[in-house]
1. In region 1-98, which helices (runs of 4 or more DSSP H) lie fully inside it and hold 1 or more residues that are at pLDDT below 80?
2. Condition first: under 30 Å from Gly138 (Cβ atoms), in contact (Cβ under 8 Å) with a residue 12 or more places away in the chain and either out of contact with any helix residue (DSSP H, G or I) (no Cβ under 7 Å at 6 or more places or on another chain) or of a type in the set (Val, Ile, Thr) (or both). Can you find one or more residues in region 26-33 that meet it?
3. So in region 151-175, with the set limited to residues that are within 13 Å of Leu40 (Cβ to Cβ) and without any contact (Cβ under 8 Å) to a residue 24 or more places away in the chain, which one is surrounded by the fewest Cβ atoms within 10 Å (Cβ to Cβ)?
4. Kindly provide the set of residues from region 51-64 that are more than 12 Å from Asp95 (Cβ to Cβ) and of a type in the set (S, T, N, Q), ordered by number.
5. Of the conditions (1) part of a loop (DSSP other than H, G, I, E, B); (2) at pLDDT 85 or above, Pro105 fails just one. Which one is it?
6. Return the pairs, sorted by first residue and then second, in which the second residue is not in a loop (DSSP other than H, G, I, E, B), the first residue lies in region 78-93 and is surrounded by fewer than 17 Cβ atoms within 10 Å (Cβ to Cβ), the beta carbons are less than 6 Å apart, and the residues are 6+ apart or on different chains.
7. Which pairs turn up if I take residues in region 122-150 that are in contact (Cβ under 8 Å) with a residue 12 or more places away in the chain and assigned to a helix (DSSP H, G or I) and look for partners that are of a type in the set (Lys, Arg) and crowded, with 19+ Cβ neighbours inside 10 Å with beta carbon separation below 7 Å, at least 6 apart in sequence or on another chain?
Amino acid sequence: MRRIHAGLVGLALLAGCNDDNVVAATERTYNQIQRLGNPLVSEVFLAKRSHPVHGVTGPAEDVQLISAELKGFVASVAGRNATVQNTLAAVLLPDELIIQTDKDPASAGWLSWALANGWGGRTLTDDVVDAGLAATFGSLLDPNNTSPGLTTDNVAANDVAFGSTFPYLAAPHLP
């Protein structure tokens, strides 16, 4: 009985492997509910009322839809000049992480973010919030009119080491 069953399965597989059978692709629609390439873009630079728009639009619309709001925050809250405003908008928009397949996959260089050592790269231990705050309120882009007290979120490093294999994250703290 097993031989007959195996033979029938084999014939079915062979019959399915000819040029006459065309499998139609199923079109799927997905509902994007959020994106956070750089957490500061949505969570700091944009007003809460703008989060839904940012969350459901793609990065291609960022410059058109949120550049003015980001620059307005840098001007009014951080008190920074137009050069700093334009530089931050150019670096942070579009709000996306870029996969660079030409980088060594053993390094973080394949996941690009402009403020991470200048060439890209972002590891789990990179403090992207502090990097963004330092660029906005610190002397990185302009030594004038800085607010040193706002250049860090004062969150210490992880209290549990990351793992050496995927998914790399430490287990969550449970109550």
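The values are calculated or read from the model by the stated rules, or taken from the named source; none is laboratory data. As the structure is a computational prediction, the values presented were derived from the model and not from experiment. Ideal geometry is used to build each Cβ from the backbone, glycine not excepted, and the neighbour counts take in all protein chains shown.
1. Numbers: elements: 2-15, 51-56, 62-76, 82-92.
Result: 2-15.
2. Checking region 26-33: not a single residue is under 30 Å from Gly138 (Cβ atoms), in contact (Cβ under 8 Å) with a residue 12 or more places away in the chain and either out of contact with any helix residue (DSSP H, G or I) (no Cβ under 7 Å at 6 or more places or on another chain) or of a type in the set (Val, Ile, Thr) (or both).
3. Going through region 151-175, the residues within 13 Å of Leu40 (Cβ to Cβ) turn out to be 151-153.
Keeping just the survivors that are without any contact (Cβ under 8 Å) to a residue 24 or more places away in the chain gives 151-152.
Details: Thr151: 18, Thr152: 14.
Looking at residues that are within 13 Å of Leu40 (Cβ to Cβ) and without any contact (Cβ under 8 Å) to a residue 24 or more places away in the chain, I get Thr152.
4. Hit for region 51-64 is Gln64, nothing else.
5. Among (1) part of a loop (DSSP other than H, G, I, E, B); (2) at pLDDT 85 or above, Pro105 violates only (2).
6. From residues that are surrounded by fewer than 17 Cβ atoms within 10 Å (Cβ to Cβ), there are no pairs.
7. Going by the 7 Å Cβ cut-off, the qualifying pairs are Val128/Arg122.
Here is a yes/no grid of residues against (1) β-branched (Val, Ile, Thr); (2) farther than 19 Å from Ala131 by Cβ; (3) out of contact with any Gly (no Cβ under 8 Å at 6 or more places or on another chain):
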position: Gln32; (1), (2), (3): no, yes, no
position: Asn38; (1), (2), (3): no, no, no
position: Ser42; (1), (2), (3): no, no, no
position: Gly55; (1), (2), (3): no, yes, yes
position: Gly58; (1), (2), (3): no, yes, yes
position: Glu61; (1), (2), (3): no, yes, yes
position: Glu69; (1), (2), (3): no, yes, yes
position: Gly72; (1), (2), (3): no, yes, yes
position: Arg80; (1), (2), (3): no, no, yes
